[in-house]
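Beneath this line is the structure, given in structure tokens, with notes to follow.
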Amino acid sequence: MDVAIVGGGIGGLATALTLHQLGIGCTVYESVRKIEPLGLGINLQPYCVRELFQLGLEDRVRDLGIPARGLAYYTRRGQHVLTEKLGTEAGFDWPQFHMHRGAFHAMLADEVRRRLGDDALKLGHRLDRIERAGGKTVAHLVDRDTGEALDPVSPGVLIGADGVHSTVRAHFYPDERPPHWNRVIMWRGATDDVRILDGRTMVVAGTYRQKFVAYQVKKPPAGRGPGEPDIMLNWICELIVPEGTDYREEDWNRSGSMDDFAGAFVDWKFD
Ligand SMILES: Cc1cc2nc3c(=O)[nH]c(=O)nc-3n(C[C@H](O)[C@H](O)[C@H](O)COP(=O)(O)OP(=O)(O)OC[C@H]3O[C@@H](n4cnc5c(N)ncnc54)[C@H](O)[C@@H]3O)c2cc1C
């Protein structure tokens with residue numbers, strides 16, 4: 001059986017590694033032309049870490065991640081409410097890790113190439129549409145940059161791992177409306193060499209209307225200059241914006257402006 005996976009994000013690449021471990025051949029078709037260390041902090045929960053360890057990635061995950069110890073809640077004035085334990089501290093058999101999403105994604109891509117071969121990850125291949133013909137599924141692919149048609153593929157199984165605006169899902173549910181936006185906007189940033197609490201605890205301050213989240217992550221090796229600190233503080237300022245706010249489709253890579261959110265947090269002063 002041959003399998004085509006559409007989308008080489010974290011889901012698609014982890015699926016490819018799992019299929020390979022089961023002895024099932026697969027190819028990943030990813031729209032972007034280059035895998036870059038995008039994003040900031042991500043939390044790998046114990047049940048996800050278990051899968052990664054079973055894939056033989058324990059050393060690489062430990063190398064990239066900071067094992068989480070706790071999740072500490074504070075009020076908007078910095079008063080401590082409660083600290084929950086996380087990962088092995090909470091009794092799980094596997095740790096939870098704070099990690100740089102881009103470094104994690106790059107590691108998975110590297111493992112897919114190393115184990116399955118360079119040809120198993122086809123970059124610049126965007127799924128344009130799916131067709132059912134003669135009992136077969138045909139995936140029509142285009143070059144992401146030029147829009148030029150590429151050779152169609154007709155796999156035994158096609159797996160959609162192409163994110164929240166999935167072309168695969170749209171094929172099966174053509175009348176489905178776009179995801180409903182809850183008016184939450186998160187501004188993400190990173191600050192060099194700042195340590196909070198014990199370095200392994202995530203801080204969540206405020207309420208669901210206005211929140212500040214912070215935890216430390218290791219910098220991706222690719223983006224670290226010589227002599228630079230290898231730890232940075234990943235932080236998120238989260239606001240519910242008013243109804244009718246001019247909303248542009250979400251994007252993990254759009255630059256934000258401090259003017260858009262810093263005013264709302266100006267009196268949040270913690271020790
Ligand atoms: C650039 C980026 C940065 C992110 N940063 C963070 C972060 O800092 N912190 C955090 O917690 N989460 C972040 N996320 C979200 C998180 O990685 C994902 O929500 C989660 O891992 C789910 O992964 P996924 O593989 O299902 O989807 P995604 O990570 O969204 O991956 C989907 C992949 O499919 C590809 N794709 C889409 N359409 C097509 C198509 N038609 N044909 C071929 N390929 C297609 C996309 O290019 C993408 O690589 C980020 C996601 C992205 C894409």
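The values are calculated or read from the model by the stated rules, or taken from the named source; none is laboratory data. Since the structure is predicted, the reported quantities are computational estimates derived from the model, not experimental observations. Using ideal geometry, Cβ is built from the backbone for each residue, glycine included, and neighbour counts are taken over all protein chains shown. SASA here: full protein model, heavy atoms, side chains in, ligands and nucleic acids out. Shrake-Rupley method; radii C 1.70, N 1.55, O 1.52, S 1.80 Å.
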Checklist entry - Can you spot a residue in the range 25-44 that is among the aliphatic types (A, V, I, L, M) and farther than 30 Å from His171 by Cβ? => result yes
Checklist entry - Out of (1) in the same structural domain as Ile130 (by TED's automatic domain parsing); (2) within 16 Å of the ligand (Cβ to nearest atom); (3) touching a strand residue (DSSP E or B) at 6+ places or on another chain (Cβ under 7 Å); (4) in contact (Cβ under 8 Å) with a residue 40 or more places away in the chain, the odd one out for Val184 is which? => result (1)
Checklist entry - Of all residues in the range 124-151, which are touching a Leu at 6+ places or on another chain (Cβ under 9 Å) and away from the ligand (no atom under 13 Å from the Cβ)? => result Thr137, Ala149, Asp151
Next on the checklist: If I filter the range 157-165 for residues that are charged (D, E, K, R) and at pLDDT 95 or above, do I get at least one hit?
Outcome noted: yes
Item to check | Pair list, Cβ < 9 Å and 6+ apart or interchain, from the range 51-74 residues that are at pLDDT 95 or above to residues that are surrounded by fewer than 17 Cβ atoms within 10 Å (Cβ to Cβ) and of a type in the set (Gly, Ala, Ser) | outcome: Ile66/Gly199; Arg69/Gly199; Gly70/Ala90
Checklist entry - Is it true that Arg195 is within 19 Å of Ile10 (Cβ to Cβ) and open to solvent by 70 Å² or more (accessible area, probe 1.4 Å)? => result no
Next on the checklist: Whether any residue in the range 108-123 is among the hydrophobic types (A, V, I, L, M, F, W, C), within 11 Å of the ligand (Cβ to nearest atom) and over 26 Å from Gln45 (Cβ atoms) is what I want to check.
Outcome noted: yes
